[in-house]
Structures are given as C-alpha cells and as structure tokens.
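Inspection log for the structure reproduced underneath, given as structure tokens.
The values are calculated or read from the model by the stated rules, or taken from the named source; none is laboratory data. A quick note: this is a predicted structure, and the numbers were derived from the prediction, not measured. Cβ atoms come from the backbone with ideal geometry, glycine included; neighbour counts cover every protein chain shown. We work out accessible area using only protein heavy atoms, side chains counted, and drop any ligands, DNA or RNA first. Shrake-Rupley method; radii C 1.70, N 1.55, O 1.52, S 1.80 Å.
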Amino acid sequence: MAQQRNRQFRRFYDRLAPFYDWSMALGAWLRGFDDRRERLKMIRELHLQPGNRVLEVSVGTGSNLPLMVGEVGKAGRLVGLDLSPGMLVQCRRKLRRLHIKADLVEGEASRLPFADGTFDAVLHFGGINEFDERERAILEMVRVAKPGARVVIADEGIDPAQKKRLRNRLIRANPLYTREPPMNLLPPGLNDARLRYFRAGNCYLIDFTTPG
Ligand SMILES: C[S@@+](CC[C@H](N)C(=O)[O-])C[C@H]1O[C@@H](n2cnc3c(N)ncnc32)[C@H](O)[C@@H]1O
C-alpha cells in the first residue's frame, strides 16, 4: 500500500518538477509573502554552525540548499534526499547553476539510508502531510540526527487563530490543509518541541532538539 502511494507521488512530482519553483513563487505571491524570507524562518531554527552536516528530507528542487550553504561553510556538508528523480534533476540543475556542492540521494523518508546519529541538523518541508508512514518518517529523522541535533518539520496547515478568515476557509477545501500538525507523533524525550505557523498562517513549523 505504502509502495503504491509512493509510486503515485513519484509520478506526480516527476511531472510537476519543471514547474514546481514557479508554482511555489506564484503561491507565495498570491498569499502576499516572500518565499525566500519564509524559508529562512525554518532554516534559522536549525541553528546551523560552520562544519555542520545537514540532511534535507524531501529536498525537492533544492530551494533551501542555497540558503544553508553559507551557514555550514566549506567544512560543512549538505545532503538532500527525495523520492522523485524528476525533482532531483531540477535540484541538480539549480546546484550547478549556483555552484553549490551537495550530495543528492534518491530514497524514501520512512527508510533513510543513513547511519544513526549522522547529522547535526535535519530539515523537512512540504511532504509529510502526504506520507503514508508519517510517524515512521519522523522516527527516521530523529534516528539519523546526532544527540542534541536540531530538527525542523514543516508542511501545510492553517493557523487555528486564522481559521475564520475567508481565504483560509476556501483553502481548507484542499484536504492537505486539514491535516493536524503531527505533534502527537513525536517520540517522547525530545527537548523544546514547539509548534508555530508561518507562510501567512498556511503552514505549521515544528522544531525540537534531539535528546542527549
Ligand atoms: C512540496 S515538495 C517540497 C520540496 C522542498 N522540500 C521545498 O522546500 O520546496 C514535496 C517533496 O516531497 C517528496 N516526497 C514525497 N513523498 C516522499 C517520500 N515518501 N519520501 C521522500 N520524499 C518524498 C516529493 O518528491 C517532493 O519533492
């Protein structure tokens, strides 16, 4: 079942890949916010330092990588994983155009091909609402993070304080926006787990520090 769903998503994102960045820019413009500035809000919560190893799960076309590369510096390492080869093709093009070095891996969020405790920071934005195995994906992000690492998980969701706004009532027709932020799926023992909203109150942002 999960495999079948993944095949569907792979096909969907492979087709969307050439237009994905345009669709994100258009969505941000229609809602009146700056896509880059909102991405920086997630990245700030990773508390990146020079030399850090960072994993982005579901890296897509790689729009967050250019915003992290300066933070980790030459001694750091960026790794991006995604289910869709088409999205990774676009990502590779972007990296080449911007002269950015990152390792890209085709794979699934719920079966990360990395050893325990590999990364200083793990970022995920934009896929988890659709995952079949949301809890397993979160456990995987925690597993591959070092003790004391920062993890940020974000996706579509309406800020409860803004639910009555007409625009948000319309957006809720899209089932992706009706998913609850997966706070109840976080494993016990995490430090400082917080839930906030960004992207004009249309996305949740969960951040925490792994134990240790
Ligand atoms: C909305 S895009 C987000 C891309 C990127 N993180 C960004 O900031 O723009 C969602 C991404 O999740 C990927 N994805 C979907 N299901 C996945 C899975 N099970 N494992 C890994 N990636 C997945 C898709 O291929 C797609 O690139």
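Observations, loosely collected:
- Residues that are assigned to a strand (DSSP E or B) and either in contact with a Phe, Trp or Tyr (Cβ under 9 Å, 6 or more places away or on another chain) or not acidic (Asp, Glu) (or both) within the range 113-130 comprise Phe119, Ala121, Val122, Leu123, His124, Phe125, listed in sequence order.
- Take the conditions (1) in contact with a strand residue (DSSP E or B) (Cβ under 9 Å, 6 or more places away or on another chain); (2) under 23 Å from Trp22 (Cβ atoms); Leu67 misses just one of them, which is (1).
- Leu48 in contact with a helix residue (DSSP H, G or I) (Cβ under 8 Å, 6 or more places away or on another chain), open to solvent by 10 Å² or more (accessible area, probe 1.4 Å), away from the ligand (no atom under 13 Å from the Cβ) and closer than 21 Å to Arg199 by Cβ: yes
- For the range 130-155, a residue qualifies if it is at pLDDT below 95 and either away from the ligand (no atom under 13 Å from the Cβ) or surrounded by 22 or more Cβ atoms within 10 Å (Cβ to Cβ) (or both), and exactly one does: Phe131.
- Listing of strands (runs of 3 or more DSSP E) fully contained in the range 141-212 that carry 1 or more residues being in contact with a Ser or Thr (Cβ under 9 Å, 6 or more places away or on another chain) and charged (D, E, K, R): 145-156, 191-198
- Restricting attention to the range 49-72, the residues being closer than 20 Å to Glu140 by Cα and either part of a loop (DSSP other than H, G, I, E, B) or without any contact (Cβ under 8 Å) to a residue 40 or more places away in the chain (or both) number 4.
- Residue, farthest from the chain's Cα centre (by Cα), within the range 14-37, restricted to residues that are surrounded by 13 or more Cβ atoms within 10 Å (Cβ to Cβ) and of a type in the set (Phe, Trp, Tyr): Phe33
- Looking across Gly107, Gly127, one residue alone is under 14 Å from Ser58 (Cβ atoms), out of contact with any helix residue (DSSP H, G or I) (no Cβ under 7 Å at 6 or more places or on another chain), touching a residue at least 40 places away in the same chain (Cβ under 8 Å) and open to solvent by less than 30 Å² (accessible area, probe 1.4 Å). It is Gly127.
- If the condition is being within 10 Å of the ligand (Cβ to nearest atom) and free of Cβ contacts under 8 Å to residues at least 12 places away in the same chain, then the range 17-26 contributes only Ser23.
- Residue satisfying condition, being open to solvent by 30 Å² or more (accessible area, probe 1.4 Å), within 13 Å of Glu56 (Cβ to Cβ) and hydrophobic (A, V, I, L, M, F, W, C), within set Phe119, Phe114: Phe114
Residue-by-condition table, conditions (1) without any contact (Cβ under 8 Å) to a residue 40 or more places away in the chain; (2) out of contact with any helix residue (DSSP H, G or I) (no Cβ under 6 Å at 6 or more places or on another chain); (3) under 21 Å from Ile128 (Cα atoms):
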| site | (1), (2), (3) |
| --- | --- |
| Gln3 | yes, yes, yes |
| Asp14 | no, no, yes |
| Ala28 | no, no, yes |
| Phe33 | no, yes, no |
| Arg44 | yes, yes, yes |
| Lys74 | yes, yes, no |
| Pro85 | no, yes, yes |
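Listed here are the residues, each with its yes/no results for (1) surrounded by 18 or more Cβ atoms within 10 Å (Cβ to Cβ); (2) within 10 Å of the ligand (Cβ to nearest atom).
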| residue | (1), (2) |
| --- | --- |
| Arg39 | yes, yes |
| Val54 | yes, no |
| Gly70 | no, no |
| Leu78 | yes, no |
